[in-house]
Amino acid sequence: LIKIPELDGAERTALDALAEVCNRHEGLDLPLNLIDPAVQLVCYEESVLVGYVEMQDHAPKQMEVCGMVHPDHRRRGVGRSLLAGAQSECRARGQSGFLLVCEEAGPSGKGFASAARARYRYSEHRMELDAVRRPRPTSGPLRLRRAAEDDIADFVSIGAAAFRHDAADIPNRKERMTKGLADPHREYYLANLAAVPIGGLNVSLVPDESRAFINAFGVLP
């Protein structure tokens, strides 16, 4: 089990192959980000990549963890080893737990979560754009626009109100957005109603793929 700061080309190729095998095995679309995880753990058996976990640092007190194990190497302790590594990383950061993310359609993932005595918190859903039925732009007072550095305070304030963020976390969220604005794979948007910011979301673009992850999609209460 190895903690790596950043994937090199060979590791990324092996990881893509592992994800393809795992997805095909159960007909899944594992919710891996692979863009800027805070922590990445990999597990090898005789130089073959058989397991992977990524940890997303979405909040200072709550990590999101998602991983996979090659179907031919399951029930050998690989998943438990990766889980233990994630738990150790959280303890080192002073966190008592984390969110374990898995596909609802995957029986092995749900079985693993149950065996780990995880408690269900909530579900997230995937949206797919129907280009044929795409709605026409409206001519009303609501406008969606790209956010810039001058919009950081408004964007973070909207998110804090929409998701009831801890006020002590506001400076950290502003700092993360400042870094995110410099990331070519991330975009932030504000919804203005008559020039007043009332909503926001950010988009993580998956390199070389025609999909994206939409996060922090919130509107002022």
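The values are calculated or read from the model by the stated rules, or taken from the named source; none is laboratory data. Computed from a prediction, not measured in an experiment: that's the story for all the values here. All Cβ positions, even for glycine, are placed from backbone atoms using ideal geometry, and neighbour counts span all protein chains on display. Surface accessibility is based on the protein's heavy atoms, side chains included, excluding ligands, DNA and RNA. Shrake-Rupley method; radii C 1.70, N 1.55, O 1.52, S 1.80 Å.
Restricting the range 96-110 to residues that are farther than 13 Å from His25 by Cα and at pLDDT below 85, which is surrounded by the most Cβ atoms within 10 Å (Cβ to Cβ)?
Across the range 96-110, the extreme among qualifying residues is Glu104.
Restricting to the range 136-159, what's the tally of residues that are among the small types (Gly, Ala, Ser) and closer than 11 Å to Gly200 by Cα? Steps first, please.
Applying the first criterion (among the small types (Gly, Ala, Ser)) to the range 136-159 yields 139-140, 147-148, 153, 157, 159.
Among the residues that remain, those that are also closer than 11 Å to Gly200 by Cα are: 147, 157, 159.
Qualifying residue count for the region: 3.
Here are some residues: Asp166, Asp150. Which one is at pLDDT 90 or above and open to solvent by 50 Å² or more (accessible area, probe 1.4 Å)? Steps first, please.
Details: Asp166 fails: at pLDDT 90 or above.
Just one listed residue meets the conditions, Asp150.
Which of the following residues is open to solvent by less than 50 Å² (accessible area, probe 1.4 Å), without any contact (Cβ under 8 Å) to a residue 60 or more places away in the chain, over 14 Å from Val39 (Cβ atoms) and assigned to a strand (DSSP E or B): Met63, Met68? Let's see the steps before the verdict.
On the way: Met63 fails: over 14 Å from Val39 (Cβ atoms).
When all the criteria are applied, what remains is Met68.
In the range 80-97, how many residues are closer than 18 Å to Leu32 by Cβ and touching a Cys at 6+ places or on another chain (Cβ under 9 Å)? Let's see the steps before the verdict.
Pass one, the range 80-97, residues closer than 18 Å to Leu32 by Cβ: 82-83, 85-86, 89.
Imposing the further condition that a residue be touching a Cys at 6+ places or on another chain (Cβ under 9 Å) reduces the set to 82, 85.
Of the residues in that region, 2 qualify.
Does Arg76 qualify as being open to solvent by 40 Å² or more (accessible area, probe 1.4 Å) and either touching a strand residue (DSSP E or B) at 6+ places or on another chain (Cβ under 9 Å) or outside any helix (DSSP H, G or I) (or both)?
On the way: open to solvent by 40 Å² or more (accessible area, probe 1.4 Å): yes; either touching a strand residue (DSSP E or B) at 6+ places or on another chain (Cβ under 9 Å) or outside any helix (DSSP H, G or I) (or both): yes.
So Arg76 fits the description; yes.
Which of the residues spanning the range 177-192 are part of a helix (DSSP H, G or I) and surrounded by 14 or more Cβ atoms within 10 Å (Cβ to Cβ)?
Let us first name the residues in the range 177-192 that are part of a helix (DSSP H, G or I), namely 177-181.
Met177, Gly180, Leu181, listed by residue number.
Would you mind stating whether Phe213 is part of a helix (DSSP H, G or I), of a type in the set (Phe, Trp, Tyr) and either open to solvent by less than 70 Å² (accessible area, probe 1.4 Å) or in contact with a Phe, Trp or Tyr (Cβ under 6 Å, 6 or more places away or on another chain) (or both)? Outline the logic, then answer.
Details: part of a helix (DSSP H, G or I): no; of a type in the set (Phe, Trp, Tyr): yes; either open to solvent by less than 70 Å² (accessible area, probe 1.4 Å) or in contact with a Phe, Trp or Tyr (Cβ under 6 Å, 6 or more places away or on another chain) (or both): yes.
Judged against the criteria, Phe213 is not a match.
For the range 122-173, which positions are among the basic types (Lys, Arg) and more than 18 Å from the chain's Cα centre (by Cα)?
The first filter runs over the range 122-173 and keeps only residues among the basic types (Lys, Arg), leaving 126, 133-134, 136, 143, 145-146, 164, 173.
Correct list: Arg133, Arg134, Arg136, Arg143, Arg145, Arg146, Arg164.
From Leu82, Leu30, Leu15, Leu41, grab the single residue that is assigned to a loop (DSSP other than H, G, I, E, B), open to solvent by less than 30 Å² (accessible area, probe 1.4 Å) and touching a residue at least 24 places away in the same chain (Cβ under 8 Å).
Details: Leu82 fails: assigned to a loop (DSSP other than H, G, I, E, B); Leu15 fails: assigned to a loop (DSSP other than H, G, I, E, B); Leu41 fails: assigned to a loop (DSSP other than H, G, I, E, B).
Among Leu82, Leu30, Leu15, Leu41, only Leu30 is assigned to a loop (DSSP other than H, G, I, E, B), open to solvent by less than 30 Å² (accessible area, probe 1.4 Å) and touching a residue at least 24 places away in the same chain (Cβ under 8 Å).
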